[in-house]
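Okay, structure first, notes after.
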Amino acid sequence: KEFNLLEDDCEVAVYFPTVFSPNRDGINDQIVPLGKGFEIEIMRVYDRWGVMVFESKGMEHSWDGNFRGKALDPGIYFYTLSYTNKKSLRIENLQGDFLLKR
C-alpha cells in the first residue's frame with residue numbers, strides 16, 4: 001500500500017524589533033511586532049521598574065514611546081505579547097526587551 005504524507009508547519013514567524021527611535025524622523029518611530037501567520041491579542045510594554053506604560057487589546061498594536069502624553073526616557077523596556085497562531089489556532093506568548101533610543 002502507498003500513501004501520501006502531507007506535512008504542515010504550525011510555526012509562525014513573529015519578530016519583535018530590538019530597538020526603535022521615536023524621534024519623528026519617519027524611520028522606526030513606532031515599535032510593532034512584525035511577521036506573518038499571527039494575530040495579536042494583547043501587547044504590553046513595561047519600564048524597568050515594572051510599570052506598564054502601554055497596553056493594546058484592539059486594532060492599534062504599535063507604541064510611540066509615550067506614556068500619559070509624555071515622551072519616555074531612552075532605555076531598556078520590556079514587552080509581553082499574546083497572539084493567535086493562525087495555523088494551529090492556539091494562543092501563544094512571547095516576551096523580551098528592546099531599546100528605546102531618542
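Remarks
- Only listed residue being more than 21 Å from I91 (Cβ to Cβ), open to solvent by less than 90 Å² (accessible area, probe 1.4 Å) and either of a type in the set (D, E, K, R) or modelled with pLDDT under 95 (or both), chosen from D25, D73: D25
- Only listed residue being surrounded by fewer than 15 Cβ atoms within 10 Å (Cβ to Cβ), assigned to a strand (DSSP E or B) and acidic (D, E), chosen from E55, E60: E55
- Pair list, Cβ under 7 Å, 6 or more apart: region 79-102 residue closer than 23 Å to Q30 by Cβ, other residue open to solvent by 80 Å² or more (accessible area, probe 1.4 Å) and outside any strand (DSSP E or B): F98/T18; L99/T18; L100/P74; K101/P74; R102/P74
- One residue alone among L100, L89, L94 is among the hydrophobic types (A, V, I, L, M, F, W, C) and open to solvent by 90 Å² or more (accessible area, probe 1.4 Å), and that residue is L89.
- Selection within region 32-46: residues that are within 13 Å of L100 (Cα to Cα) and at pLDDT 95 or above. The member of this set that is least open to solvent (accessible area, probe 1.4 Å) is V45.
The values are calculated or read from the model by the stated rules, or taken from the named source; none is laboratory data. Everything numeric in this text was worked out from a predicted model, so none of it was measured. Counting neighbours? That spans all protein chains shown, and the Cβs are built from the backbone with ideal geometry, glycine included. Quick note on the areas: whole protein, heavy atoms, side chains included, nothing else; ligands and nucleic acids left out. Shrake-Rupley method; radii C 1.70, N 1.55, O 1.52, S 1.80 Å.
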